[in-house]
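What follows is a single structure, written as structure tokens, with notes after it.
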Amino acid sequence: MSEQEPQSSLDSLRDLVTRHGTVVMERCTAIMGVLNVTPDSFYDGGRRLEPEKAIADGVEMVAAGADIIDIGGESTRPGAPSVSEEEELGRILPVIRGLRRAIRAPISIDTYKSNVACAALGEGADIVNDISGLRFDPAMAAMIAEEGVPVVLMHMQGTPRTMQVEPRYGDVVREVRDFLASQISHALGKGIEPEKIIIDPGIGFGKTLDHNLSLLRNLPALATLGQPLLVGASRKTFIGKILNLAPDERLEGSLAAAVAAVLAGANMIRAHDVKETRRAVNMADAIRYRVEE
Ligand code: 9MG
């Protein structure tokens, strides 16, 4: 292989077409900005209790280089209680409505509930980010197929309430890969188009520190599934454990994990700190993709 060629054909994946524009992932990494509108998310919980503040933050993330804004109305931190559909909708819909008017970038809705996802799509969201990988709500896959929108299939062992109690795997990389392969087949069987499926190992979701590191090290094994690969490590506990730092001190660790993920095959990074992540990822992209002129 010449030095000027991409590492593999998987480095030039198709772009992601959404109702509000195309997310380019061919030879560059997309950034999904995290916009939680919850009182209790582990890092940004309680920061956006007013929709106006959330909308302003979303606009700022797009200006800083986010390709997608991911809106969540239920905390998925370990041990978090679930919230009712009404509560979740009350948090997210005003933000989606306002942000849709203010930005052109695609919006993803972070939910595992098909009714919530459907209402969000009705207000202008474009992508469903399902942390259960279509496991929790049997109506989710058919709804997504019917709407014809992209979906993120994430791996999680257990549920947010139980996942960090005692995560166990024989071979974490193989089990996560097998799960994702099986959920891709399930999605296809329900009529979701192959070019609309993004996969995600679910860093921190039912994983120990070593499970997370093993997955980050072995992303190429997940990339061989042939779908765009999303990685979200931003400010998560495993970074705090390694560096012995609280969530608000984990920026550098998050950037290091993002760069490592890009160099190992990630096509999209989910991040709280969009400006800094955009810069770090642009450097990683240059190392990964740029050819000599
Ligand atoms: C909602 N959420 C929190 N962490 C996440 C991650 O790593 N991936 C995805 N897809 N969603 C996440």
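What follows is calculated from the coordinates using simple rules that are stated; it is not laboratory data. Since the structure is predicted, the reported quantities are computational estimates derived from the model, not experimental observations. Ideal geometry is used to build each Cβ from the backbone, glycine not excepted, and the neighbour counts take in all protein chains shown.
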- Mean projected area (nm²) of the alpha-carbon convex hull when the chain is viewed from all directions: 14.3 nm²
- Item | P(r), alpha carbons of the stretch 217-293 - 5 Å bins starting at zero, rounded % | 3, 17, 25, 22, 18, 10, 4, 1, 0
- Determine the shape class of the stretch 59-110: with a ≥ b ≥ c the square roots of the Cα gyration tensor eigenvalues, call it rounded for a/c under 1.5, and otherwise prolate if a/b is greater than b/c, oblate otherwise. oblate
- Task: Between residue 279 and residue 24, with labels modelled 7 Å along Cα→Cβ, what's the label distance in nm to one decimal, could you check?
- Result: 2.2 nm
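Filter 113/207; 113/196; 53/196; 53/190; 196/241 down to the pairs with a C-alpha to C-alpha distance above 26 Å, please. Working shown, then result.
Numbers: 113/207 23 Å; 113/196 19 Å; 53/196 31 Å; 53/190 38 Å; 196/241 35 Å.
Violating the 26 Å Cα-Cα cut-off are 53/196; 53/190; 196/241.
Can you tell me which of 254-262, 189-197 comes out highest on packing, and rank the rest after it, using the mean Cβ neighbours within 10 Å? Display every interim value, and only then the final one.
Details: 254-262: 22.8, 189-197: 15.8.
Ranking, from highest mean packing down: 254-262, 189-197.
Taking 37 °C and 0.692 mPa s as the conditions, I'd like the Stokes-Einstein D for the stretch 91-158 in µm²/s, using the Kirkwood hydrodynamic radius from alpha carbon pairs.
On the way: Rh = 12.0 Å.
After rounding, the answer is 273 µm²/s.
Suppose the chain between residue 248 and residue 162 were pulled fully straight at 0.36 nm per residue; how much longer would it get relative to their current alpha carbon spacing?
Details: separation 86, 0.36 × 86 = 30.96 nm, distance 2.45 nm.
The residue 248-residue 162 span can extend by a further 28.5 nm.
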- Taking the Cα centre of the chain as the origin and placing charges on Cβ (Lys, Arg +1; Asp, Glu -1), which of 80, 265, 245 is farthest toward the positive end of the dipole? 245
- Between the alpha carbon centres of the stretch 245-293 and the stretch 99-171 the gap in Å comes to 23 Å
